[in-house]
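Colleague: Dumping the structure here so I can ask a few things about it.
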Amino acid sequence: MMPRRQPVLGILGGGQLARMLALAAAPLGVNALVVDSSAEACAGQVAPLVVADWTDYAALEAFAARVDVVTFDFENVPAETAHWLAERVQVSPAPQALAVAQDRLAEKTLFRECGLQTPEFMAVDTREGLDQALAVIGAPAILKTRRLGYDGKGQFRLKEVADADAAWDALGAQAAAHGLILEAFVPFERELSVIAVRGRDGDFRSWPLTRNWHVDGVLSMSLAPAPDLGQLQQRATALARTLAERLGYVGVFALELFVRDGELLGNEMAPRVHNSGHWTIEGAHTSQFENHVRAVLGLPLGDTGARGHSAMFNWIGDLPDAAPVLSAVDAHWHDYGKQARSGRKVGHATVCAPDTAVMVERLGALAVALERMEQAQPALDALANR
Ligand code: AMP
């Protein structure tokens with residue numbers, strides 16, 4: 001009898017997302033093979049790691065021969081690399097979808113075409129162009145690189161028009177290579193994300209919306225299902241579905257939204273599993289990681305329903321003491337195995353509860369024990385409807 005051959009999922013990028021994808025793939029009988037330019041990449045602790053650059057085509061050729069499908073932990077893989085691989089092996093999501101999500105201008109243009117409003121924006125290529133955009137959009141505003149920005153990197157906030165020189169000093173050098181975009185600063189009431197998945201057969205599912213809080217542009221806290229949504233859940237889900245169908249998208253993605261005056265505005269789309277969906281590991285019937293693996297391998301998608309309520313603390317820079325989480329009821333610790341470094345995502349913790357009253361109790365107690373009250377307070381306020 002021929003030995004059974006297990007499917008192999010190739011992952012471009014070896015960070016915590018690849019690590020959690022590999023962990024979710026294992027029970028499905030799927031092996032992961034990860035590529036990263038660093039031998040220290042944390043996914044390498046749980047899956048075999050190929051150390052190669054995005055332009056090391058000899059290494060990528062050998063990698064492509066060993067995998068059944070290629071996916072991404074990192075959306076800024078160069079488009080040429082994604083296209084080159086797609087000529088040799090199935091790549092999901094497709095390089096065309098990746099290209100749209102890599103470019104804030106293309107992305108926001110697509111949002112508008114799909115009926116999702118966005119903050120006002122204008123492309124900026126030169127210093128004069130910045131003045132012209134400021135004349136239209138006004139201040140406050142945010143200047144961002146069109147490409148290669150994430151977690152608040154590649155962004156400059158202009159409080160007033162007179163900050164244009166400082167903004168250009170910070171980002172002007174990147175205008176030629178990546179292009180820039182000026183966006184109106186939105187005084188939003190809430191930030192939400194839709195985590196959704198589309199299968200190879202077009203089956204579309206989304207998890208309950210997540211409410212998110214960022215500090216310095218980096219996710220700090222998430223709560224799911226987002227409380228007090230009214231019609232926003234249906235509207236956001238319908239928009240995510242339209243986007244996914246328009247892109248012929250296969251896999252999990254996140255749509256990040258602002259709520260202003262009760263209306264949804266599109267901020268960005270992440271063509272991959274997303275930090276604001278980490279709660280789904282314990283808080284949903286099927287996690288975003290497992291459903292991504294299922295989608296890209298053409299397997300049936302799992303139930304995206306929530307088991308109850310979840311709150312996620314993101315650990316940025318360094319980890320707090322794990323003991324309070326390890327000893328709390330229905331709380332879950334995730335250490336990504338990374339070295340501590342300022343601004344780096346090094347782990348998260350999720351606490352689950354059957355209802356909001358119990359969530360308030362558990363989250364409050366955990367925040368006190370972890371000495372992270374400041375981080376949890378906005379979520380506690382939202383739960384208390386303050
Ligand atoms: P981004 O990398 O574009 O997702 O930005 C990171 C975070 O910065 C967002 O989650 C928001 O908290 C904030 N931010 C980005 N763009 C805007 C905007 N146009 N108005 C207000 N806040 C923004």
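Colleague: Can you work out which of the residues in region 256-273 that are away from the ligand (no atom under 11 Å from the Cβ) and either part of a strand (DSSP E or B) or among the basic types (Lys, Arg) (or both) is surrounded by the fewest Cβ atoms within 10 Å (Cβ to Cβ)?
Modeller: Among residues in region 256-273 that are away from the ligand (no atom under 11 Å from the Cβ) and either part of a strand (DSSP E or B) or among the basic types (Lys, Arg) (or both), the one surrounded by the fewest Cβ atoms within 10 Å (Cβ to Cβ) is Glu263.
Colleague: Here's a check for you: in region 274-306, which residue that is within 15 Å of the ligand (Cβ to nearest atom) and not in a loop (DSSP other than H, G, I, E, B) is surrounded by the most Cβ atoms within 10 Å (Cβ to Cβ)?
Modeller: Ranking the candidates gives Gly277 first.
Colleague: Within region 172-181, is there a residue that is within 15 Å of the ligand (Cβ to nearest atom), in a helix (DSSP H, G or I) and modelled with pLDDT of 95 or more?
Modeller: no
Colleague: Of all residues being more than 10 Å from the ligand (Cβ to nearest atom) and among the basic types (Lys, Arg) in region 129-154, which is surrounded by the most Cβ atoms within 10 Å (Cβ to Cβ)? Just the residue, please.
Modeller: Here the residue is Arg146.
Colleague: Also, I was wondering about something else. Which of the residues belonging to region 67-81 are of a type in the set (A, V, I, L, M, F, W, C), modelled with pLDDT of 95 or more and not in a strand (DSSP E or B)?
Modeller: Of everything in region 67-81, just one residue is of a type in the set (A, V, I, L, M, F, W, C), modelled with pLDDT of 95 or more and not in a strand (DSSP E or B), namely Val67.
Colleague: So, one more: Any residue in region 94-113 that's of a type in the set (D, E, K, R): show its pairings with residues that are in a helix (DSSP H, G or I) and at pLDDT 95 or above at Cβ separation under 8 Å, as long as the two are six or more apart or on different chains.
Modeller: Qualifying pairs under 8 Å: Glu113/Arg246.
Colleague: Would you pick out the residues in region 237-255 that are among the small types (Gly, Ala, Ser) and crowded, with 20+ Cβ neighbours inside 10 Å?
Modeller: The answer is Ala240, Ala244, Gly251, Ala254.
Colleague: Would you check which residues across region 211-235 are within 16 Å of the chain's Cα centre (by Cα) and over 26 Å from Ser342 (Cα atoms) and list them?
Modeller: Ala224
Colleague: Now for a different question. Would you confirm, using the coordinates I've provided, whether Leu98 is farther than 20 Å from Arg272 by Cα and crowded, with 18+ Cβ neighbours inside 10 Å?
Modeller: No, not satisfied.
Colleague: Among the listed residues Gly172, Gly179, which satisfies the condition of being more than 16 Å from Ala141 (Cα to Cα) and in contact (Cβ under 8 Å) with a residue 40 or more places away in the chain?
Modeller: Gly179
Colleague: Then there's this: Of the residues that sit in region 186-217 and are among the aromatic types (Phe, Trp, Tyr) and assigned to a loop (DSSP other than H, G, I, E, B), which one is nearest to Val273 (Cα to Cα)?
Modeller: Trp207
Colleague: I've got another one for you. Output the residue which, of all residues in region 34-66 that are under 14 Å from Val91 (Cβ atoms) and within 23 Å of the chain's Cα centre (by Cα), is modelled with the highest pLDDT.
Modeller: It comes out as Val35.
Colleague: Applying the selection to region 43-56, what residues are loosely packed, with under 15 Cβ neighbours inside 10 Å and not β-branched (Val, Ile, Thr)?
Modeller: Across region 43-56, the qualifying residues are Gln45, Pro48, Asp53.
Colleague: Would you mind finding the one in Asp203, Asp216 that is touching a residue at least 24 places away in the same chain (Cβ under 8 Å) and within 16 Å of the ligand (Cβ to nearest atom)?
Modeller: Criteria check complete, one pass: Asp216.
Colleague: Kindly indicate whether Arg157 is in a strand (DSSP E or B), closer than 26 Å to Glu256 by Cβ, among the charged types (D, E, K, R) and within 15 Å of the ligand (Cβ to nearest atom).
Modeller: Yes.
Colleague: Right, something else. Which of the residues belonging to region 219-255 are touching a residue at least 60 places away in the same chain (Cβ under 8 Å), under 16 Å from Cys114 (Cβ atoms) and more than 12 Å from the ligand (Cβ to nearest atom)?
Modeller: Once the filter is applied, which keeps residues that are touching a residue at least 60 places away in the same chain (Cβ under 8 Å), under 16 Å from Cys114 (Cβ atoms) and more than 12 Å from the ligand (Cβ to nearest atom), region 219-255 yields Leu239, Thr242, Leu243, Arg246, Leu247, Gly248, Tyr249, Phe253.
The values are calculated or read from the model by the stated rules, or taken from the named source; none is laboratory data. Everything quoted here is computed from the prediction, not taken from an experiment. Every residue, glycine as well, gets a Cβ built from its backbone with ideal geometry; the counts of neighbours run over all protein chains shown.
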